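The block underneath contains the structure these notes are about, expressed in structure tokens.
Please treat every number below as a calculation from the coordinates, not as lab data. Quick caveat, the model's predicted, so the values are computed rather than measured. Counting neighbours? That spans all protein chains shown, and the Cβs are built from the backbone with ideal geometry, glycine included.
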Amino acid sequence: MESLRELYQEVILDHNRKPRNFGKLDDANCCANGYNPLCGDELTLYVKLAGDTITGVRFSGKGCAISTASASLMTEALLGKTKTQAEALFEAVHAMLTDAKAPVTDIGKLQVLAGVHEFPARVKCATLAWHTLKSALCNQSATVSTE
Ligand code: ZN
């Protein structure tokens, strides 16, 4: 377990320092805002869908290390996925973050987010980007809140 914990901290810190796919996506055709009032995390997610495939995804906003790292990891994982695959990924990550007994699915690098379990107050920081994704894919432009 020690190594997963170290990996978790390393990956979170790295993605917080150098968030991947950070900034506005000018030709996005889906977009949503997310807000986590408990921590003050805010993010805007930009998704470009070509047919059913995510060909572009970026995020902007301001939040704690965990919300930023989770959004950064998410954008990396989403590129090239179909809407259906993205929704399956949402379900898998959400289950992993909120239910310790959830069956382990193969979600690659996103597995490090399981480390958030050690900081229950931070689960909403980690799920924020994912809820925002769901809202963007459903074409709901309203702001989602974790509360
Ligand atoms: Zn946070």
How many residues of the stretch 12-24 are surrounded by 18 or more Cβ atoms within 10 Å (Cβ to Cβ) and more than 16 Å from the ligand (Cβ to nearest atom)? The answer is 1
Give the residues of the stretch 44-70 that are farther than 18 Å from Ala121 by Cβ and either within 15 Å of the ligand (Cβ to nearest atom) or not in a strand (DSSP E or B) (or both), sorted by residue number. Gly51, Asp52, Phe59, Gly61, Lys62
Test of understanding: among Ala95, Ala102, Ala129, Ala121, which residue is buried (at least 22 other Cβ atoms within 10 Å of the Cβ) and either more than 16 Å from Gly34 (Cβ to Cβ) or out of contact with any Lys or Arg (no Cβ under 6 Å at 6 or more places or on another chain) (or both)? Ala129
It is to be established whether one or more residues within the stretch 123-134 are on the phi < 0 side of the Ramachandran plot and free of Cβ contacts under 8 Å to residues at least 24 places away in the same chain. no
If we keep just the residues of the stretch 28-44 that are more than 17 Å from Cys64 (Cβ to Cβ) and in contact with a Cys (Cβ under 9 Å, 6 or more places away or on another chain), which is surrounded by the most Cβ atoms within 10 Å (Cβ to Cβ)? Ala32
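Residue-by-condition table, conditions (1) in contact (Cβ under 8 Å) with a residue 40 or more places away in the chain; (2) assigned to a strand (DSSP E or B); (3) within 16 Å of the ligand (Cβ to nearest atom):
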position	(1), (2), (3)
Asp26	no, no, no
Asn33	yes, yes, yes
Thr84	no, no, no
Phe90	yes, no, no
Ala121	yes, no, yes
Kindly provide the set of residues from the stretch 81-123 that are among the aromatic types (Phe, Trp, Tyr) and within 21 Å of Gln9 (Cα to Cα), ordered by number. Phe119
Can you tell me which of Lys124, Lys109 is more than 25 Å from Gly51 (Cα to Cα) and touching a strand residue (DSSP E or B) at 6+ places or on another chain (Cβ under 7 Å)? Lys124
